[in-house]
Amino acid sequence: MNQTKVDKLLLKLVENRLSEEESETLSEWLKSEHNQKYFRKYVEINHLLNLERSFANGEQLFDKIPAPRKRFSYATVMKYAAVLLVLIASTLFFKNILSSAQDSMPPAPVVRNNQIRPGVNAAVLTLGDGKEVELGKGTDYTTEALNAKEDQIVYAAKQGKTSQMEYNYLSVPRGGQFSLLLSDGTKVWLNSESKLKYPVDFVEGQSREVYLLYGEAYFKVASSEKNQGDDFKVYHNEQEVRVLGTEFNIKAYKDEPEVLTTLVEGKVTVSNGKRTQEIAPGEQSRLNLETGTIHVSEVDVFSETSWMSGVFSFKKKPLKDIMRTLSRWYDMEVVFENKSLENKRFKGVLRRNQSIEEVLSVIMSSSLHSYEINDKTVILK
């Protein structure tokens with residue numbers, strides 16, 4: 001049985017939608033020790049680690065098992081996986097359990113022509129003469145100044161002094177991500193729906209300046225000591241971030257009211273022309289674009305930069321914010337049929353390479369009643 005079919009069956013298991021025939025197929029597959037390890041990992045990543053909770057009606061199902069009358073402990077993943085293995089091992093009994101619990105289960109999701117896919121490496125490079133080059137899987141573009149592969153652009157290190165500034169632009173679409181290594185050694189990662197303006201080379205003796213026109217970017221800045229003492233600045237509309245050598249994340253999407261700057265290590269100052277605020281590692285500045293105020297507070301750095309690690313980490317965020325983030329990565333539209341869901345909060349960790357059905361299944365288990373997928377639109381109910 002191929003991996004795609006296995007994942008679909010496991011998803012149906014979690015949603016309590018397995019047929020008798022599918023349950024038998026899964027039981028046969030689980031006879032392999034290797035497959036059992038994969039199953040435990042699936043449970044760990046998609047459910048306990050993600051939600052710190054059991055799947056829908058988990059306690060009710062366990063109570064129906066005629067084994068020792070002991071309440072289920074959610075302390076470890078292995079215990080949880082073991083319970084599910086017991087449920088699967090007895091196909092007919094498992095089918096009866098699902099049947100008896102059916103009335104209390106939410107309606108099954110409706111999926112029609114699902115065209116939603118996880119994001120990929122994709123970008124458009126605009127050169128100084130206006131030429132546009134599409135980058136992504138299977139692409140390879142080289143000039144005297146740069147070498148572009150399918151997931152990264154590398155600019156040649158500075159050779160002597162540069163007197164004339166030439167700018168390039170890197171645009172990452174919805175459903176994309178990309179990275180680049182600037183000529184000074186600074187590494188930049190761009191998230192979905194982002195655009196960066198930067199010089200092909202920097203002028204010695206002047207500040208190294210780049211412009212995050214919109215979107216989200218993570219910067220690992222080459223130290224000023226390696227660049228003749230020149231400091232590094234990132235501009236976005238009214239905000240300026242000045243650094244000497246550090247790692248930080250800027251989130252500045254066009255459809256959001258604030259610009260968020262999260263410092264991972266080092267030291268930066270954030271300025272809007274009227275006020276300058278220094279932030280320390282583990283802190284985040286929030287620039288309100290309407291009022292111009294800057295507020296600094298401590299944050300969970302991993303949650304704010306988790307996209308760099310290939311995951312989404314949500315700490316009790318409203319579904320409205322979560323769906324805005326997911327819509328960029330999956331290049332989809334989201335409709336809240338039930339408006340009261342917009343402010344409902346969800347806590348969990350989701351892998352960015354999961355299918356949209358897997359992601360919604362996890363969220364549905366704690367925060368949604370049901371959902372519908374139609375082409376590239378998700379309707380939340």
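Select from the range 185-224 the residues that are within 25 Å of S327 (Cβ to Cβ) and part of a loop (DSSP other than H, G, I, E, B) and list them in ascending order. Answer for the range 185-224, where residues must be within 25 Å of S327 (Cβ to Cβ) and part of a loop (DSSP other than H, G, I, E, B): N191, S192, E193. Please tell me if S327 is open to solvent by less than 60 Å² (accessible area, probe 1.4 Å) and not in a strand (DSSP E or B). The answer is yes for S327. Selection within the range 256-294: residues that are assigned to a strand (DSSP E or B) and acidic (D, E). The member of this set that is farthest from S327 (Cα to Cα) is E278. Scanning the range 107-126 for residues that are modelled with pLDDT under 95 and either in contact with a Leu (Cβ under 8 Å, 6 or more places away or on another chain) or hydroxyl-bearing (S, T, Y) (or both) yields one hit, P109. Consider F202 carefully, then state whether it is open to solvent by less than 30 Å² (accessible area, probe 1.4 Å) and within 29 Å of I116 (Cβ to Cβ). In short, no. The set of residues in the range 205-228 that are basic (K, R), in contact with a Ser or Thr (Cβ under 8 Å, 6 or more places away or on another chain) and open to solvent by 20 Å² or more (accessible area, probe 1.4 Å) contains only K220.
Every condition in (1) at pLDDT 95 or above; (2) open to solvent by less than 40 Å² (accessible area, probe 1.4 Å); (3) in a strand (DSSP E or B) holds for W307 except the one numbered (3).
The values are calculated or read from the model by the stated rules, or taken from the named source; none is laboratory data. Bear in mind that the values here come from a model prediction, so they are computed numbers and not experimental data. Virtual Cβ from ideal backbone geometry, glycine too; neighbours counted across all protein chains shown. When the accessible area is computed, the model is the full protein with side chains, heavy atoms only, and any ligands, DNA or RNA have been set aside. Shrake-Rupley method; radii C 1.70, N 1.55, O 1.52, S 1.80 Å.
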